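Single-structure report; data block below.
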Amino acid sequence: MREESINLRSHGRFEQSYSEAIDASGKATRFDKAGVFACEPDGGDYDVAPTLLHYMSTIITQLPPMLNENWDAQTDYSISNAAFNAKLAVTSSGGSGYPLHIDNPQGLTVGDTRKLTFILYLNPSHSPSQGGDLVLHLRDGVKVSVPPAGGSAVAFWSDCIPHSVMETSKEMEGEEYDRYAITIWLPTDDIRMIHDPASPFAGLKLD
């Protein structure tokens, strides 16, 4: 799938990636992610990236029911496959990264019901010296680092888990060191689960 991703990039399908920062008043400000480019694969990309599209379809259709079957009565997050967002991103080698952010900070105030973020990494030759780790910022100052090694996957709550991406190594430049990842966001059918004050992760801050 990495080769298919590279082919999509060569076809001009990637654009500058950006995110939004939310200040204390709730105002959203867009900021570009330097050195990060992304596309949203769709059916028109099938001839270039058939395996990638099949994988995305499989995750979207099968992951929600698998998860929902295993919640208990107190933690039924009702993850849905009725709608989704998906992004294929490349973080350039040579010192690029993502600043600390939350994927769905505004939630219901803007009609955003994304609850689960799922990421698959497409970097089969990754080594720790290349950098680019995902860092999840959890309770009590705990930070969990996830190396973007090819075939590894991670999932976390879109609406409450702050996370960042460490810079890729400035000493290792070249397309072979670029960091590719597929991100799929899945919504919940139960809007009470968005920014749920009873969640053990409620109130995590961007600091």
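For the peptides 89-98, 163-172, residues were scored by their other Cβ atoms within 10 Å and the scores averaged per peptide; the highest-first order is 89-98, 163-172.
Cross-link partners of Lys115 among aspartates and glutamates, defined as those whose alpha carbon lies under 16 angstrom from its own and excluding same-chain residues fewer than eight positions apart: Asp76, Asp103, Asp159, Asp189, Asp190, Asp196.
What the Cα atoms of the chain give is an Rg and a Dmax of 17.0, 50 Å. Straightening the chain between Leu67 and Leu138 buys 23.4 nm, computed as 0.36 nm per residue apart minus the Cα-Cα spacing. Karplus-based coupling profile of the range 111-122, in residue order and whole Hz: x, 9, 9, 4, 10, 10, 9, 10, 10, 10, 9, 10, with θ = phi - 60° in 6.51 cos²θ - 1.76 cosθ + 1.60 and x standing for Gly or Pro.
Near the amide H of Ser17, within less than 5 Å, lie the amide hydrogens of Lys33, Val36, Phe37, Ala38, all on another chain or at least 5 residues away, with H placed in the peptide plane.
Phi angles across the range 186-203 convert, under the Karplus curve 6.51 cos²θ - 1.76 cosθ + 1.60 with θ = phi - 60°, into 3J(HN,Hα) values of 10, x, 10, 7, 10, 5, 5, 7, 7, 6, 5, x, 7, 5, x, 9, 4, x Hz, Gly and Pro given as x.
Taking every alpha-carbon pair under 8 Å whose residues sit at least 6 apart, the range 67-207 reaches a relative contact order of 39 percent. The string of couplings for the range 158-167 from the Karplus curve (6.51, -1.76, 1.60, θ = phi - 60°) is 5, 8, 8, 9, x, 8, 9, 10, 5, 4 Hz, one whole number per residue in order, with x for Gly and Pro. In this Cβ point-charge picture (+1 for Lys and Arg, -1 for Asp and Glu), the chain has a dipole of about 320 debye about its Cα centre. Where only DSSP H runs of four or more residues are counted, the chain gives -4500 deg cm²/dmol as its mean residue ellipticity at 222 nm, each run worth -39500 (n - 2.57).
Along the charge dipole of the range 1-156, pointing to its positive end and built from +1/-1 on Cβ of Lys, Arg, Asp and Glu, which listed residue (Gly151, His11, Leu136) has its Cα farthest out? After comparing all options, I get Leu136.
Throughout, read-outs are computed from the coordinates displayed, never taken from laboratory work. Keep in mind that this is a model prediction, so the values were computed, not measured. Neighbour counts run over all protein chains shown; Cβ positions are idealised from the backbone, glycine included.
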